[in-house]
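Written out below as structure tokens is the structure these notes cover.
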Amino acid sequence: MNSEICSRIRTLIDISESGIKIEIKECENFINDLQKFTTKNDMTSTRRFLDYLGAPDENMKIIHVAGTNGKGSVCCYLSNMLIKGGYTVGMFTSPHLVSICERFAVDNKPISDGLFVEIFVELLKRLSEYDEEDYCPTYFEFLFFMAMLLYDVYPVDYLILETGLGGRLDATNSIRKPLVSVITKIDFDHMQYLGNTLPLIASEKAGIIKENVPVIFDDNDESVSEVIRKKAEELNADCIPVEKDYIKDVSIINSEGNNYHIDFLYESRYDKYVALSINTLAEYQLENVAIAITVMCVMKENNYIDFFENAIRSGLKNAKWFGRMDEILPAFYADGAHNISGIEAFLKSVGNVNCTGRRFLLFGVVSDKQYSEMVYKILESGLFSNICLTVLDTKRTVSEADLKAAFEENRQKLGDRCNEYRLSVYTNVRDAVTGIITERKSGDVIFAAGSLYLVGQIKEMLV
């Protein structure tokens with residue numbers, strides 16, 4: 001382990017043992033700095049350290065979730081339904097929008113700063129005592145081990161565990177045997193790590209499939225499904241596809257005060273539920289709902305849960321996952337769409353919003369995404385009369401110049417098919433939000449998309 005990291009670990013432990021309170025910001029600084037000194041560990045090393053912690057995963061009932069789009073939403077729906085069924089539920093997800101504590105939830109509530117610090121210090125102690133001198137976890141591995149300690153010390157009935165990136169080599173994949181594996185919609189993202197074709201990306205995601213563990217997956221792309229089915233067959237895992245036609249009779253309802261919800265029927269090989277509803281106008285969430293309900297059905301079939309239809313209905317109706325067509329202020333919607341299919345789904349939802357005035361778009365994105373293609377989709381839609389570009393508060397942000405260039409290049413590609421729009425550029429999110437709200441008139445609607453960093457920075461300034 002790097003000598004600087006060792007020294008900082010010892011210092012933080014000494015401070016804690018002296019009775020001086022450690023602030024959560026100190027913990028975050030340490031975890032963030034791990035990125036400077038560490039490289040990803042292989043799965044054998046990750047598992048070895050997990051065993052050193054006492055193999056806590058082996059005493060947990062884990063639902064393991066991978067995929068490109070919809071992982072967080074599926075986790076949210078699962079958590080809500082289980083809670084309504086009378087269970088306590090832990091949830092480890094990423095990234096966080098404002099507070100790092102959001103990554104660790106118990107019954108949908110982030111853990112407190114104090115509990116975060118407690119688990120953080122405990123992990124530092126375990127690391128300092130570990131007998132492999134060269135071992136040091138990366139940023140995400142550290143957070144994953146914190147989750148394993150947290151839900152070991154403070155047990156829950158079920159733990160919903162979301163992968164960070166990919167699946168096969170993800171730290172969360174060091175767990176030995178979840179109850180079920182879940183793979184949401186797969187699309188192009190993180191191609192520099194996962195491959196540049198959907199089958200290659202699917203192969204990485206399918207790496208979470210375990211021997212004799214059922215896998216529930218999105219079955220809307222045959223090339224992806226073929227990879228998942230083959231992997232499941234190799235491991236004798238029951239393979240349960242979730243198809244588009246599981247959701248029927250969809251109605252988007254705009255009740256008084258622009259309170260949107262979606263009514264629908266769910267029907268599969270397992271069961272049929274009528275008059276289900278979710279409180280969102282994001283029609284793309286129905287794909288995630290279908291996956292989550294199917295997971296519940298599989299768990300019921302395997303006698304992992306006592307299953308109640310009311311828990312399904314109530315859990316879905318009360319679920320809210322921040323940053324997914326999230327109305328953060330009246331007529332101001334933020335969506336974390338950050339890849340091409342995410343933007344396509346976002347644009348479809350924008351079209352469902354009642355707007356009697358102008359549509360504003362606030363757009364910010366990070367450089368390792370296919371942002372030029374996202375821009376093309378935005379301009380092709382012709383939905384926005386005012387587009388405001390912003391630089392994000394992260395080293396990964398796309399610059400002002402590159403943002404403007406992407407819009408100009410795609411405007412020229414579209415030619416006469418591109419509607420007129422007014423473009424403005426801001427150097428930070430705070431000025432962008434202030435500028436748009438100041439300019440907005442009655443009947444106008446504001447939308448923000450392009451990155452979860454953007455959603456988080458908007459939320460932080462409004463807290």
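Where a number appears in this text, it was derived from the coordinates with a stated rule and is not lab data. Just so you know, these numbers come straight off a predicted model, no measurement behind them. FYI the Cβ positions are ideal-geometry reconstructions off the backbone, even for glycines, and counts take in every protein chain you see.
Taking 0.36 nm per residue of sequence separation and removing the Cα-Cα distance, the residue 37/residue 425 pair yields an extension gain of 136.1 nm.
Using only side-chain charges placed at the Cβ, +1 for Lys and Arg and -1 for Asp and Glu, the dipole size of the stretch 325-399 relative to its Cα centre rounds to 140 debye.
Listing 427, 397 from the residue with the fewest other Cβ atoms within 10 Å to the one with the most, what is the order?
Numbers: 427 11, 397 19.
The most exposed by this proxy come first: 427, 397.
What ranking of 349, 223, 277 emerges when the number of other C-beta atoms within 10 Å of each C-beta is taken as an exposure proxy, fewest first?
223, 277, 349
Taking 18 Å as the limit for the C-alpha separation, the pairs 109/185; 71/320; 210/231; 40/185 exceed it in the case of 109/185; 40/185. Pairs of Lys residues in the stretch 326-462 are counted when their Cα atoms are under 30 angstrom apart and they lie 8 or more places apart or on different chains; the count is 23. Backbone phi angles across the stretch 200-213, fed through the Karplus curve with coefficients 6.51, -1.76 and 1.60 (θ = phi - 60°), yield HN-Hα couplings of 5, 5, 4, 4, 5, 5, 5, x, 7, 5, 10, 4, 6, 10 Hz in residue order; Gly and Pro are listed as x.
Counting only DSSP beta bridges with both residues in the stretch 326-462, what percent are antiparallel, rounded to the nearest 5? Beta bridges within the stretch 326-462, antiparallel portion: roughly 20 percent. Among 320, 459, a tally of other beta-carbon atoms within 10 Å of each Cβ gives an order, fewest to most, of 320, 459.
Within the shell defined by Cβ-Cβ distances under 14 Å, the residues around residue 23 carry a net charge of -2, with Lys and Arg each +1 and Asp and Glu each -1.
Sorting check: for 154-161, 181-188, 213-220, 111-118, which peptide has the highest mean count of neighbouring beta carbons within 10 Å, and how do the rest follow? Don't jump to the answer; show the numbers that get you there.
Numbers: 154-161: 20.9, 181-188: 26.1, 213-220: 23.4, 111-118: 16.8.
Descending mean neighbour count gives 181-188, 213-220, 154-161, 111-118.
Projecting the Cα positions of 148, 39, 220 onto the charge dipole of the stretch 3-317 (unit charges on Cβ atoms of Lys, Arg, Asp and Glu, taken about the Cα centre) puts 220 furthest along the positive direction. Restricting attention to the chain, close to 40% of DSSP beta bridges with both partner residues there are antiparallel. Over the chain, dividing the summed -39,500 (n - 2.57) contributions of all DSSP H runs of at least 4 residues by the number of residues returns a 222 nm mean residue ellipticity of -13000 deg cm²/dmol.
The orientation-averaged shadow of the Cα convex hull for the chain, equal to a quarter of the hull surface, comes to 22.4 nm². Of the peptides 411-420, 2-11, the order by per-residue mean of other Cβ atoms within 10 Å, starting with the highest, comes out as 2-11, 411-420.
For residue 426, the residues whose amide H sits under 5 Å from its own are 389, 390, 391, ignoring neighbours fewer than 5 places away on the same chain, with H placed 1.01 Å from N.
For the stretch 326-462, the convex hull spanned by the alpha carbon atoms encloses 93 Å³ per residue. The charge dipole of the chain, taken about the Cα centre with unit charges on the Cβ atoms of Lys, Arg (+1) and Asp, Glu (-1), comes to about 820 debye, rounded to the nearest 20. For the peptides 431-444, 331-344, 43-56, the ranking by mean Cβ contacts within 10 Å, running from highest to lowest, is 331-344, 43-56, 431-444.
Summing charges over all other residues whose Cβ lies under 12 Å from the Cβ of residue 197, with Lys and Arg as +1 and Asp and Glu as -1, gives -3. Working note: Debye formula, equal point scatterers on the alpha-carbon atoms of the stretch 97-196, no solvent; log10 I(q)/I(0) at q = 0.16, 0.19 Å⁻¹ is -0.85, -1.13.
Measuring nothing but how far apart in sequence close Cα pairs (under 8 Å, 6+ apart) lie, relative to its length, the chain scores a relative contact order of 14 percent. Each part gets one Cα centre, and for the stretch 416-434 versus the stretch 70-84 those centres are 34 Å apart.
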